[in-house]
Amino acid sequence: MSDPTHKNIGVIGLGIIGRAVAGHLRRKGFPVFVWNRSPRPVPNFVGSPGEVAGVCNFIQIFVSDDEALLQTVEQLSESLTPRHLVLAHSTVAPDSMRAAAEIVERRRARFVEASFTGSKLAAEKGELVYYVGGTATALREARPILEASSKEIVEIGTVGEASAIKIATNMITAANVQAAAEALALIQALGLPLEKFVEAMRANASHSATLAMKLPKMLDRDFEPHFSVKHMLKDMQIASQIALSHYLDLGLTAAARDQLVEQMQWGHGDDDYSSVVRKYLHEPTPAFYEEPQAEEQAEEQGEEASASELIIGSAEHEAEKREDMGAAGSQEPLLALGGGGSAAPAETTPPLRRGFLKQLLSRFSSGQE
């Protein structure tokens with residue numbers, strides 16, 4: 001107890017969760033020292049993970065992925081001694097968590113796996129739920145630190161098992177929001193008020209705390225990050241890798257992962273993962289599309305030929321060729337639906353509209369509207 005570092009707590013990683021946890025620890029009276037890969041103008045910011053270990057016996061790690069966790073514990077390792085307790089909060093593959101524990105325990109320090117659930121709001125309120133794994137001694141020592149920022153601590157088992165539980169719970173969360181996005185798409189396609197769907201869901205057995213928080217923001221297109229696309233995608237990729245190694249067909253997880261990949265490709269990785277709804281919600285398209293005049297097109301486009309125009313021009317050319325052939329005899333429709341049947345007469349197939357094609361191409365290329 002005479003060691004001045006005994007009650008000091010180090011927090012490594014000052015993202016949304018790490019910042020909030022550090023704040024709660026300070027309010028509970030703990031001296032807190034922090035480090036982040038990009039320097040921050042905050043109290044007690046030190047120069048390296050090793051310096052954190054030099055002044056703190058307890059170290060909480062809030063970094064984003066497997067590589068960052070392993071790099072951090074490697075940087076810490078030379079400074080670790082039997083007096084240290086390291087708590088790893090990253091959502092990573094179980095094997096990565098076990099590898100981190102091995103690095104720490106090689107120095108005879110103690111290690112606790114403490115994955116958490118609860119995003120920005122829960123962290124700010126000090127209401128995270130921790131899924132923990134480790135020895136009974138280490139868990140007992142870690143409990144007062146975890147209680148400073150949580151409403152519940154769930155003991156899972158040995159190191160690695162809590163990570164598996166956390167990945168599994170996030171599979172349900174991601175699928176839940178993806179299903180909600182698709183349901184909103186159906187409601188909009190039928191011309192019904194989206195707000196009525198939200199109201200109906202509140203009384204539905206499948207409603208959840210996630211939907212209560214996400215649905216109104218999805219309607220408002222409020223994608224301020226509480227849990228980002230890139231982080232949820234990372235978790236779905238871990239789930240997919242585990243599934244592959246165990247010969248599991250996880251169709252819903254794969255579908256949710258693919259929609260998150262699409263958001264990443266369109267530059268939305270830092271948005272909240274509920275932004276998958278972008279693909280589905282759009283402004284209603286007018287029933288009739290008026291063909292813009294050539295002069296207006298030139299002004300709007302600056303007379304630049306885009307890839308979409310080349311595709312549209314090709315489709316128009318094909319339509320004109322088929323119309324010219326109509327006088328010589330029957331022809332197959334330009335867009336054939338189904339197979340095996342006889343082709344409809346040419347005159348019953350309306351020519352493709354340039355405006356219609358442009359709308360389709362615009363919709364597919366934007367990924368949102």
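The values are calculated or read from the model by the stated rules, or taken from the named source; none is laboratory data. Keep in mind it's a predicted model, so treat the numbers as computed, not measured. As a convention, Cβ positions derive from the backbone with ideal geometry for all residues, glycine included, and neighbour counts pool all protein chains shown. Ligands, DNA and RNA are excluded from the accessible area calculation, which covers all protein heavy atoms including side chains. Shrake-Rupley method; radii C 1.70, N 1.55, O 1.52, S 1.80 Å.
Per residue, how much accessible area does segment 1-160 have with a 1.4 Å probe, in Å²?
Numbers: 6990 Å² over 160 residues.
Computed with neighbouring chains in place, this is 44 Å² per residue.
Among the listed pairs K196/K230; K125/K217; K120/K230; K125/K196, which have their C-alpha atoms separated by more than 25 angstrom in this model?
On the way: K196/K230 31 Å; K125/K217 20 Å; K120/K230 15 Å; K125/K196 30 Å.
Too far apart for the 25 Å limit: K196/K230; K125/K196.
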Lysines within cross-link reach of K7: Cα-Cα under 21 Å, excluding same-chain residues under 8 positions apart?
-> K28
How far, in nm, would the chain grow between A254 and K28 when pulled straight, counting 0.36 nm per residue and subtracting the alpha carbon separation?
-> 77.2 nm
How far is it, in nm, from the label point at L186 to the one at R108 when both lie 7 Å from their Cα along the line to the Cβ?
-> 6.2
Here the tail fraction of P(r) beyond 25 Å, over all Cα-Cα pairs of segment 72-198, rounds in percent to 38
Solvent exposure, largest accessible area first (probe 1.4 Å, DNA, RNA and ligands not counted), of W35, W266 = W266, W35
The extension gain from K7 to D220, computed as 0.36 nm times the residue separation minus the Cα-Cα distance, is 72.2 nm
Calculate the length of the line joining the C-alpha centroid of segment 90-114 to that of segment 218-278, in whole Å.
-> 26
Binned Cα-Cα distance frequencies in segment 1-158 - 10 Å width, integer % = 12, 46, 38, 4
At a 1.4 Å probe radius, carbon and sulfur cover how many percent of the accessible area of segment 113-217?
-> 59
Whole number please: convex hull volume per residue, Cα atoms of segment 48-87, in Å³.
-> 61
